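Nothing in this text is a laboratory measurement; each read-out follows from the coordinates by a stated rule. Source: prediction; values computed, not measured. All Cβ positions, glycine included, derive from the backbone under ideal geometry; neighbour counts span all protein chains shown.
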Amino acid sequence: MDPLRVSLVQGATRWHDAVGNRDYYGELIRPLAGATDLVVLPETFTSGFSNEVDAVAEDMAGPSMQWLADQASSLAAVVTGSVVIAENGRMLNRMIWMRPDGSFDSYDKRHLFRMSGEHERYDAGNERLVVGLRGWRVLPQVCYDLRFPVWLRNRFDPETETAEYDLALFIANWPAPRREPWRTLLRARAIENLAYVVGVNRVGPDGNGLDYAGDSCAIDPVGQPLIELSGVEQVATVTLDPQRLGDHRRRFPAHLDADAFQLLEGAG
């Protein structure tokens, strides 16, 4: 594992304005060319978090996929964020992991936020995704997934004593009234999984009248913040140290005492 430069892009997403958002976020990340390995955009960065799925959905051949490919190529970095995707009659909150060469992986949000009716309009994913970058294993996740520790549980191979992932990545539209759970759970997920955690939230008001306080951050494996953003538009890059992670896992191998488990049923 090499040191990993991660750029947190905390923006004020425009409501239902995909063209405007692509232009806006494109300008925010342009200075990162050659200076980062991973660019992290908020959840539904092209539209805001909307249940008006017919108004905001794209397909996998749509302009936002091409935009992500263009940005990853020009920045020479992975670019990730989620887009509302229509696919085979399903509506998905899909996080795209776009590489500079145009190849990509995707993760569909598993836990749908029923308090806003997301579960009535979107379809839940049922597979975790772990992707590699510069020797790191990265677990991409979306917003409400943060509240479910069993789904997020890091799995360690007892024979090789290696973890399934080294960095858990959460993108969100997490409203300001619930900012303390956001901040607390990010730290908890780092501590319990012996991993780095990065959370990227948006700022400003949305079309539903909700306000977002940002609070994007990077957390080390003992729960200490490496960087914390405030409630304004901000782009910041942090370097994650693999030596720090390896040393902590050797000093405090709590994973060796973890309970075995199996997921039996998907969320829906």
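Okay, here's what the table says:
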{"quantity": "Yes/no for Thr160 being among the hydroxyl-bearing types (Ser, Thr, Tyr) and more than 27 Å from Leu264 (Cα to Cα)", "calculated": "no"}
{"quantity": "Test: residue in the range 53-69 that is surrounded by fewer than 16 Cβ atoms within 10 Å (Cβ to Cβ), within 29 Å of Leu263 (Cβ to Cβ) and over 18 Å from the mean Cα position of the chain (by Cα)", "calculated": "yes"}
{"quantity": "Residue within the range 174-188 that is over 20 Å from Val40 (Cβ atoms) and aromatic (Phe, Trp, Tyr) present", "calculated": "no"}
{"quantity": "Scan of the range 233-266 for residues that are of a type in the set (D, E, K, R), within 19 Å of Glu161 (Cβ to Cβ) and in a loop (DSSP other than H, G, I, E, B), ordered by number", "calculated": "Asp259"}
{"quantity": "Residue satisfying all of: in the range 169-220; of a type in the set (Val, Ile, Thr) and under 16 Å from the mean Cα position of the chain (by Cα); surrounded by the fewest Cβ atoms within 10 Å (Cβ to Cβ) among these", "calculated": "Val203"}
{"quantity": "Residue within the range 215-226 that is part of a strand (DSSP E or B), free of Cβ contacts under 8 Å to residues at least 40 places away in the same chain and over 19 Å from Leu38 (Cα atoms) present", "calculated": "no"}
{"quantity": "Close pairs from the range 187-203: first free of Cβ contacts under 8 Å to residues at least 40 places away in the same chain and under 11 Å from Cys217 (Cβ atoms), partner in a helix (DSSP H, G or I) and polar (S, T, N, Q), Cβ under 6 Å, at least 6 apart", "calculated": "none"}
{"quantity": "Selection within the range 23-34 - small (Gly, Ala, Ser) and more than 20 Å from the chain's Cα centre (by Cα)", "calculated": "Ala33, Gly34"}
{"quantity": "Residue match in the range 93-102 (condition: more than 25 Å from Gly26 (Cβ to Cβ) and among the basic types (Lys, Arg))", "calculated": "no"}
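Conditions (1) touching a Cys at 6+ places or on another chain (Cβ under 9 Å); (2) under 29 Å from Pro253 (Cβ atoms), marked per residue:
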{"residue": "Gly117", "(1), (2)": "no, no"}
{"residue": "Tyr122", "(1), (2)": "no, no"}
{"residue": "Asp166", "(1), (2)": "no, yes"}
{"residue": "Ala172", "(1), (2)": "yes, no"}
{"residue": "Pro177", "(1), (2)": "no, no"}
